[in-house]
1. About the Cα centre of the chain, how large is the charge dipole given +1 on each Lys and Arg Cβ and -1 on each Asp and Glu Cβ? Please answer in debye to the nearest 20.
2. Round to the nearest 10 and report in Å² the accessible area of D56, as given by a 1.4 Å probe over the protein chains' heavy atoms.
3. Dividing the Cα convex hull volume of segment 185-311 by residue count, how many Å³ per residue is that?
4. Fully extended, how many nm does the chain gain between D171 and K237 (0.36 nm per residue separation, minus their Cα-Cα distance)?
5. Among DSSP bridges having both ends in the chain, what percentage is antiparallel? Round to the nearest 5.
6. Tabulate in residue order the Karplus-calculated ³J(HN,Hα) for segment 46-52, using 6.51 cos²θ - 1.76 cosθ + 1.60 with θ = phi - 60°, rounded to whole Hz; enter x for Gly and Pro.
7. Can you give the helix-only mean residue ellipticity at 222 nm for the chain, where every DSSP H stretch with n ≥ 4 adds -39500 (n - 2.57) and the sum goes over all residues, rounded to the nearest 500 deg cm²/dmol?
8. For segment 257-308, what is the accessible area per residue in Å² when the probe is 1.4 Å?
Amino acid sequence: MRPTDPRRRLQGVTKTTQNTFRNPVDAYAQPSFPEQDQSAPGLAQDMSPTPDHGEDTYVGSGRLADLVAVVTGADSGIGRAAAIAYAREGADVVLSYLPSEEEDAQQVVALVEAAGRKALAVPGDLSQEAANLELVDKAVEAFGRIDVLAVVAGKQTAVEDIADLTTEQFDETFRTNVHGLFWVVKAALPHMRPGASIITTSSVQAYQPSPSLLDYAPTKSAINTFSKALAQQLAPKGIRVNVVAPGPFWTALQVSGGQPPQARPEFGGQAPLARPGQPAELAATYVHLAAPESSYTTGATISVTGGMPTP
Ligand code: NAD
Ligand code: MG
């Protein structure tokens, strides 16, 4: 289904908003998917089927009114779904992404602006410390503060044999997923007031690692434990820290090397719901954790896995 479709037909249900009652089993595309390949980081707009990031369906209700949100990986996938929802909930949004993702990113800029909010696009490579500092500097220059820091950017490249896993890749995965998180949080904190919150993105891979993700899976465990330590450190300052742990989601990362090519057609079929999640199905989780109403929620992990068990 194309994201431009004004309404989505689901087994006789016309989905008009994220609140439309529906059966989760067949609410979205089920495997098998067409074979496809892109070079990393990939573009959402070139995927088949195109992921649903809530473009046509997410309706806000002022839950993040006048907040300033920084979202990394905001051009596509889970980060795009969070960025769209944040804007429709009333936040201005700073979008971080890689320079090669400009086309995807500009679509999100347009969606944020269509929601009546300000968008600031800051391309850069967050595996480099300087890019994290620049992201925070530009956000603060434009908006004066950061109220929500959603760290969604991540690198995942499947390699089936440790003999083929290069030191360069191992290093790059850790620098993007773990060092980048440390750098952006450290830079942002002086600009966050009590009530602000940080949301990090782990994975079911922290608990059920795939044999081909020897570098990626441990970065997701590190994100979990970093976030839980940070939540305790920042609680007295009134800044909340929470983790989202997704299961299989239909995003560019998976079709640009995150899964081996032979695994892509059946992607998500192993979940009890027998399909991958769509990024739109995570939007509410990122909103819930950012919203002031969640003032007692810190140090938590919300797993959204289509039923795959997590601790
Ligand atoms: P995605 O490819 O749409 O988003 C990942 C984004 O990370 C990219 O768009 C890119 O902008 C950003 N990124 C990657 N390397 C970067 C770098 N060096 N500098 C700056 N930005 C960089 O895929 P997604 O699945 O939406 O991924 C979002 C997050 O969700 C990642 O942290 C991923 O590990 C996590 N996750 C995804 C799944 C899944 O099945 N898709 C499952 C669990 C966790
Ligand atoms: Mg992308």
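The values are calculated or read from the model by the stated rules, or taken from the named source; none is laboratory data. Predicted model, so just to flag it, every value in this text is computed and none were measured. Methodologically, a virtual Cβ is constructed for each residue, glycine included, from the backbone with ideal geometry; neighbour enumeration extends over all protein chains shown. We work out accessible area using only protein heavy atoms, side chains counted, and drop any ligands, DNA or RNA first. Shrake-Rupley method; radii C 1.70, N 1.55, O 1.52, S 1.80 Å.
1. Charge dipole, the chain, about its Cα centre: 1300 debye, nearest 20.
2. Answer for D56: close to 50 Å² accessible.
3. Normalising the Cα hull of segment 185-311 by residue number yields 117 Å³.
4. 20.5 nm
5. If I count the DSSP bridges inside the chain, around 10 percent turn out antiparallel.
6. Rounded to whole hertz, the list is 9, 8, 9, x, 5, x, 9.
7. So the helix-based figure for the chain works out to -8500 deg cm²/dmol.
8. Roughly 39 Å² per residue, with all protein chains present.
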